[in-house]
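In what follows, a single structure is set out as structure tokens and then discussed.
The values are calculated or read from the model by the stated rules, or taken from the named source; none is laboratory data. What you see is a predicted model; the values in this text were computed from it and never measured. Note that each Cβ is placed from the backbone with ideal geometry, even for glycine, and that neighbours are counted across all protein chains shown. For accessibility, only protein heavy atoms count, side chains too; no ligands or nucleic acids. Shrake-Rupley method; radii C 1.70, N 1.55, O 1.52, S 1.80 Å.
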Amino acid sequence: MLKLSRLRPSSNEGYLAWVLLVVIVTFSLLTNQFLTLQNLLDLTESYAVSGIFALGLFVVLVTGGIDISFAAVASVVQYIIATLAIHYGLSSPTGSILLAVAIGTVLGMINAILIYCLRIVSIIVTISMQSLLFGMLMWLTNGTSLYDLPDWLTTPIRVLPFSAGEQHYQIGLPVVVMLAVAGLSWILLNKTHLGRQLFAVGGDQESARRIGIRVGLLHLFAYGYLGAMAAIGGLVQVYRVGEVVPNALVGGELDVLAAAVLGGASLNGGKGSVVGTLMGVFLIGVLKNGLNLIGVSSYFMNIVIGVVIVAAITVTHYKKRKETEVGFA
């Protein structure tokens, strides 16, 4: 006879898998539009950009920091690349992508310099940077959207097409890019000395410094990495929608942060996984998609996400407290 204890998850990813399964089954029973291949493919592609952002943010969270400015960085990068392409003849896809990544990396590193060198709390710095970048973008562009974009940035590319019955489907480029970023992040954090140092800094920054880890450089790398992922995510968003809208991405930071926390990342640093982060992204995506299909108000969706964040943070801190409790006989 199967013991129920064997079904109990042994990791955060295991708990997330059970939650995802319960949510998917629930929405499948509530509406027949949810569990269709086309809806699941659309859902995955819709949240690919959030996945890219979350993977970059996860690297920052591992070090014990936090960054809220990534959406503004993505918006700025989008507009700069599109403007250079439309008005100044920037036509090289490779050159444009490299320039975008360079701009995003520099903007991310500015956050790290302000946080580490000036000893300012990371959330204060990055909220300020978000407001500064987004405010300047809206002021300088007057909120004008760009539509006449180069073909290489907007032309749909057929990636991994397949058939199911008489229907034809394909896994889109945004999903492929997200999976590539996930693979890169996994290798970085799990298979390199740099990744082990990032976790060490998040676990105990002072101890990491005492054993010779250059904490400042690791912060510089982590925030620069998120800036690069923000740039890539911004370009993927332009590819998806075929236009550059200055305020399209700003406002979704909460979902990305929630996904990383749901994935097991601790706001105190030193914990989490790439797989868990992606599962967190798609748990939020499934919740929003399912609630939308059954006709729930978008305002109520925000309540659900808020409750999910509070629950995830509560569980994370409870588990950490239990792990560090010292008993006395």
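With a 1.4 Å probe rolled over the protein heavy atoms of all chains, the accessible area of Val76, Val241 falls in the order Val241, Val76, largest first. Distance from the alpha carbon centroid of region 240-262 to that of region 91-130 works out to 17 angstrom.
Relative to the Cα centre, the charge distribution of the chain, modelled as +1 at Lys and Arg Cβ and -1 at Asp and Glu Cβ, gives a dipole magnitude of about 1200 debye. You can think of it this way: the chain between Leu217 and Met138 has 25.2 nm of extra reach, that is 0.36 nm per residue less the Cα-Cα gap.
Our estimate of slack between Ile120 and Leu184, defined as 0.36 nm per intervening residue step minus the Cα-Cα distance, is 20.1 nm.
Under 14 Å from a label point 7 Å along Cα→Cβ of His87: give me every residue in region 129-156 with its amide N that close. The answer is 137-148, whose backbone nitrogens lie closer than 14 Å to the label point. Take the alpha carbon gyration tensor of region 84-226, find the square roots of its eigenvalues, order them as a ≥ b ≥ c, and report rounded if a/c is under 1.5; if not, report prolate when a/b exceeds b/c, else oblate. Note, shape of region 84-226 comes out oblate.
When all protein chains stay in place and ligands, DNA and RNA are ignored, the 1.4 Å accessible-area order of Lys191, Lys288, largest first, is Lys191, Lys288. Among rounded, prolate and oblate, which fits region 3-127 when a ≥ b ≥ c are the square roots of the eigenvalues of its C-alpha gyration tensor, a/c under 1.5 means rounded, and a/b larger than b/c means prolate? Note, shape of region 3-127 comes out oblate. Measuring r between the beta carbons of Leu37 and Val241 and using R0 = 22 Å, the FRET efficiency lands at 0.45. Selection among Phe134, Gly202, Ser75 by position relative to the dipole of the chain gives Gly202 as farthest towards the positive end (Cβ unit charges, Cα centre). Just to verify a number: FRET efficiency for Ala102 and Leu30, C-beta to C-beta distance, R0 = 41 Å, to 0.05? After rounding, the FRET efficiency stands at 0.30.
Report the gain in length on full extension from Thr192 to Arg210: 0.36 nm times residue separation, minus Cα-Cα distance, nm rounded to one decimal.
Working: separation 18, 0.36 × 18 = 6.48 nm, distance 2.07 nm.
4.4 nm is the gain from fully extending Thr192 to Arg210.
Towards the positive end of the charge dipole of the chain, with charges on Cβ (+1 Lys, Arg; -1 Asp, Glu), say which of Val261, Leu99, Tyr299 has the farthest Cα. Final value for the positive-end residue is Val261. Per-atom-type breakdown for the chain gives carbon and sulfur 64% of the accessible area (1.4 Å probe, protein chains only). For region 1-107, the list of chymotrypsin sites (Phe, Trp or Tyr not before Pro) that fall in a loop by DSSP and count at most 16 other C-beta atoms within 10 angstrom reads Tyr88.
Exposed loop GluC sites (Glu not before Pro) only (DSSP loop, at most 12 other Cβ atoms within 10 Å): please give the longest stretch of the chain free of them, not including the sites. Counting at most 12 other Cβ atoms within 10 Å as exposed, the longest clean stretch of the chain is 1-165.
Distance between the 7 Å Cα→Cβ label points at Ile171 and Ile127: 4.0 nm. Rolling a 1.4 Å probe over the protein heavy atoms leaves Arg209 with an accessible area of roughly 80 Å². Note on the chain: helix-only mean residue ellipticity at 222 nm, from DSSP H runs of 4+ residues weighted -39500 (n - 2.57) and normalised by residue number, equals -23500 deg cm²/dmol. Shape class for the chain, computed from the alpha carbon gyration tensor (a ≥ b ≥ c): oblate, with a/c not under 1.5 and a/b at or below b/c. Each Lys and Arg Cβ is given +1 and each Asp and Glu Cβ -1; about its Cα centre, region 205-302 then shows a dipole of about 340 debye.
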